[in-house]
Amino acid sequence: MSENLLEVKDLHVQYNTDDAVVYALNGVSLNLKEGEKLGLVGETGAGKTTLALSVLRLLPKVGQIASGSISYKGEELLDKPESYMLGLRGRRVSMIFQDPMTSLNPVKSVGDQIREVLDLHFPQLTKEAKNEKVDQMLQLVGIPASRKNEFPHQFSGGMKQRVVIAMALISQPELLLADEPTTALDVTIQAQIMALMGQLKDRFNTAVLLITHDLGLVAEFCDTVAVIYSGCIVESGTVEDIFSGKNNHPYTKGLIGCIPDLSKDEDRLHPIPGHMADARTLPSGCPFADRCANAMDKCRKERPEAFSEGTHTVFCHLFDNMRGGV
Amino acid sequence: MDWLKYALKRLLMLIPVIICVTFILFVILSLAPGDVARMVLGADATAEQIAALNHEMGLDKPLLIRYVSYMLDAVRLDFGTSWTGNFDVLEEFSFRLPYTLLVSTLAICFAIAVGVPLGIASAIKQYSLLDYGCTFVVMLLFSMPAFWLGTMCQIFFCLMLRWLPVSGVGSWTCYILPTIILGANTLASMIRMSRTSMLDVIKMDYIRTARAKGNSQKDVILHHAIRNSLIPVVTQIGINFAGTIGGAVVTENIFAIPGIGSMLINAVKGRDVPVVMGTVIFITVIVGVINLIVDLVCALIDPRIDLAS
């Protein structure tokens with residue numbers, strides 16, 4: 001089995017705003033192997049984007065990594081100087097952002113913006129070689145190379161996201177952090193973009209951390225899944241582990257329950273009642289306890305321990321008696 | 001050649017603007033109380049002399065006819081002669097305009113050269129000593145009127161320290177104080193505008209994208225942020241340039257610079273209609289052309305601006 005490419009261990013991240021401390025990540029651990037596709041699933045505000053930005057050390061000024069470790073190919077990123085991160089960002093780890101409408105610089109041509117990655121990380125290439133590569137990459141994402149001198153406002157949303165993907169993958173990175181790459185796009189374009197990402201991922205053998213709230217997308221695209229809630233990973237495993245419906249975390253069950261089943265004649269959707277807890281106070285017990293139908297007294301007092309079966313891990317007190325002697 | 005077509009279109013649009021401005025001004029000047037012929041001839045002129053002069057100057061004709069005949073002359077670049085000074089308006093103007101344009105341009109350049117870097121620096125180092133210092137200077141410059149600041153500087157630098165000449169246009173040192181005084185207001189707005197604009201830009205998603213590509217903080221600012229943050233600043237420069245030409249009226253008087261500002265003041269005092277009208281037409285054209293240049297520069301910086309539509 002291949003080595004872990006990315007290992008996040010017990011990561012705590014907080015935002016120190018003027019009026020309060022917001023606890024965005026509370027002890028997140030996850031592993032990503034080379035070439036693997038990991039889906040990070042959770043609702044808005046669960047800390048998905050914070051996690052991706054922490055890996056690149058691009059948190060906004062108020063964000064602070066309080067404790068934990070992020071190791072990349074065995075190197076601890078949190079100890080590295082900024083100069084090391086400059087060589088990592090865009091070269092070995094690339095990121096695709098949620099909103100293609102705003103993530104491109106409006107005053108630079110798309111060709112220039114893609115070539116900039118080469119200028120930064122491959123200064124030894126000649127100008128002709130760089131332009132050649134940009135043309136190839138544009139064609140690879142389905143944009144005629146003749147459009148490289150056009151500006152972002154001349155492209156549609158789906159085309160812009162293709163440009164962003166071209167920009168992220170031209171350096172053939174080892175890891176791609178895709179932060180809701182299709183959320184801002186309509187459904188037909190979504191499928192195209194995901195197919196394109198799948199193709200390019202295979203071509204360059206890039207590992208992908210796909211951040212999304214769309215379980216369907218994860219089931220289709222990913223090898224492994226981590227479910228995040230209120231800054232804690234509540235369940236992780238292979239796609240089969242999660243979608244087999246066996247020993248799921250109540251939150252995951254709720255998420256799967258939200259997908260309407262067209263084979264049944266139902267009028268209503270099944271949302272999870274309530275809202276995510278206020279991130280300004282750290283929960284003492286399970287973060288999901290307040291919304292959980294199966295919550296016990298213990299859930300509000302103690303953080304649940306991991307319950308593992310093979311590749312599948314759940315953090316829930318419901319499985320305490322199944323843990324046995326371990 | 002889109003921009004050339006656009007420029008021509010904009011210059012043509014100046015014509016109705018000039019007609020409006022001159023007509024309103026002409027009406028106001030005609031309605032103002034007092035008899036021009038009596039002012040020219042003095043208190044002891046007889047009624048016949050006054051009537052004769054009025055007839056000679058065409059003042060006994062109806063307002064509209066006078067306006068049309070003035071404009072017809074103006075189109076042929078005949079702006080008449082001054083009623084009080086007996087000089088040709090166009091000739092006088094072409095002598096004085098270079099002084100006004102020089103001082104205004106120097107003032108704007110000074111404000112841009114000092115203000116924009118300061119504004120950008122204080123945005124990058126937000127809440128630093130530099131930032132607070134700049135905010136303080138901006139407040140100070142905005143709240144001090146040019147006539148007061150100018151006089152104070154004259155007393156301090158010229159009379160007490162004797163570093164600079166008090167007034168006139170004898171040497172290049174004469175332009176230092178007028179440039180600073182006339183540019184003070186624009187300097188304040190340049191600092192404020194570029195700071196605000198830079199703060200907006202560095203919050204944008206594409207700045208985060210630029211950092212995620214591996215750009216250093218310096219490269220992000222130089223290659224991605226500055227150009228975007230300059231767009232509103234350039235627009236502001238256009239607005240300020242028009243204001244600066246107006247402000248030159250005050251500054252030229254303080255420092256005894258023979259520009260169009262001091263000519264305009266004297267003309268208004270003396271009810272010298274040809275000089276006032278002529279000056280205002282020139283200023284309108286100059287401001288129009290400056291705004292056109294600003295819009296062309298904006299289009300150069302921002303590809304989203306389409307001059308063709």
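The values are calculated or read from the model by the stated rules, or taken from the named source; none is laboratory data. In this text the structure is predicted, and so the values were computed from the model without any measurement. We place every Cβ from the backbone using ideal geometry, glycine too, and count neighbours over all the protein chains shown. For the accessible areas, the whole protein counts, side chains as well, though only heavy atoms, and no ligand, DNA or RNA atoms are used. Shrake-Rupley method; radii C 1.70, N 1.55, O 1.52, S 1.80 Å.
Structure notes:
- Probe 1.4 Å, accessible area per residue of segment B:1-136, Å²: 63 Å²
- Area accessible to solvent at A:HIS270, 1.4 Å probe radius, in Å²: 100 Å²
- Whole-Å distance, taken between Cα centres, linking segment B:158-190 and segment B:191-244: 30 Å
- Shielding of peptide A:88-97 by partners, expressed as the average count of other chain Cβ atoms within 10 Å per residue Cβ, is 3.
- When +1 charges are put on Lys and Arg Cβ atoms and -1 charges on Asp and Glu Cβ atoms, the dipole computed for segment A:236-293 relative to its Cα centre reaches about 200 debye.
- Value of Rg to Rh for segment B:98-301 (Rh from inverse mean 1/r over Cα pairs, i.e. Kirkwood): 1.05
- Applying the Karplus relation 6.51 cos²θ - 1.76 cosθ + 1.60 with θ = phi - 60° to segment B:114-127 yields 3J(HN,Hα) values of 8, x, 5, x, 4, x, 5, 4, 6, 6, 5, 9, 4, 6 Hz, where x marks Gly and Pro.
- Cα-projected label distance for A:GLU305 with B:LEU129, points at 7 Å along beta-carbon direction, nm: 5.6 nm
- Full-stretch length increase - B:ASP60, B:ASP306 - with 0.36 nm per residue and alpha-carbon distance subtracted: 83.5 nm
- Binning all Cα-Cα separations of chain A at 10 Å, short to long from zero, yields these whole-percent fractions: 5, 24, 32, 24, 11, 3, 0.
- Burial here means at least 40 square angstrom less accessible surface with every protein chain in place than with the chain by itself, probed at 1.4 Å; in segment B:272-306 the buried residues are B:PRO303, B:ARG304.
- Once Rg and the Kirkwood radius are both taken over the C-alpha atoms of segment B:17-75, their ratio Rg/Rh works out to 1.03.
- In a fully extended conformation the segment linking A:GLU76 and A:GLU3 would gain 24.8 nm over its present Cα-Cα distance, using 0.36 nm per residue.
- Result for chain A in a Gaussian network model with C-alpha springs under 10 Å: among A:PRO250, A:PRO271, A:PRO152, the largest mean-square fluctuation is at A:PRO271.
- Carbon plus sulfur fraction of accessible area for the protein assembly as shown, probe 1.4 Å, in percent: 61 percent
- For B:LYS61, the accessible area of its heavy atoms, probed at 1.4 Å with every protein chain present, is near 110 square angstrom.
- Solvent-accessible surface (1.4 angstrom probe) belonging to A:LEU32, in square angstrom, nearest 10: 0 Å²
- Mean Cβ neighbour count within 10 Å, used as a protection proxy, ranking B:70-82, A:11-23 highest first: A:11-23, B:70-82
- Length gained on full extension, A:PHE204 to A:ASP10: 66.8 nm, using 0.36 nm per residue less the C-alpha separation.
- Hypothetical label at A:MET322: residues of segment A:217-258 whose amide nitrogen lies under 11 Å (7 Å Cα-Cβ projection): A:245-250
- In this simple spin-label model, placing a label point 7 Å from the Cα along the Cα-to-Cβ direction at both B:MET71 and A:GLN192 gives a separation of 5.5 nm.
- Solvent-accessible area buried by pairing A with B, both sides, nearest 100 square angstrom, 1.4 angstrom probe: 2100 Å²
- For the pair segment B:30-58 and segment A:105-156, the centres of their Cα atoms are 75 angstrom apart.
- Computed over the alpha-carbon pairs of the protein assembly as shown, the distance histogram in 10 Å steps reads 3, 12, 18, 17, 14, 11, 9, 7, 5, 2, 1, 0, 0 percent, short to long.
- Separation in nanometres of the label points that stand 7 Å from Cα toward Cβ, at B:ASP78 and A:ALA20: 8.0 nm
- Cubic angstrom per residue, convex hull over Cα atoms of segment A:197-326: 145 Å³
- Mean separation of Cα contacts under 8 Å, 6 or more apart, over the residue count of chain A: relative contact order %: 20 percent
- Computed on chain B, with alpha-carbon pairs under 8 angstrom and 6+ residues apart, the relative contact order is 26 percent.
- Convex hull volume per residue in cubic angstrom - Cα atoms of segment A:223-300: 110 Å³
- Per-pair calculated FRET efficiency, R0 = 56 Å: B:VAL166 and A:LYS61 via Cβ, rounded to 0.05: 0.65
- Most mobile listed residue (B:LEU11, B:LEU264, B:LEU101) in chain B, GNM with C-alpha springs under 10 Å: B:LEU11
- Residue mean of other protein chain beta carbons inside 10 Å, A:304-313: 0
- Measuring heavy-atom accessible area with a 1.4 angstrom probe and counting protein chains only, the residues of segment A:140-154 that give up at least 30 Å² relative to the chain alone are A:HIS153.
- Accessible area expressed per residue, chain A, with surrounding protein chains retained (probe 1.4 Å, Å²): 46 Å²
- Interface residues, segment A:104-118 - accessible area loss of 50 Å² or more versus chain alone, probe 1.4 Å: A:ASN105, A:PRO106, A:VAL107, A:GLU116
- Rounded FRET efficiency, nearest 0.05, which uses the C-beta distance separating A:SER156 from B:TRP3 and R0 of 25 Å: 0.40
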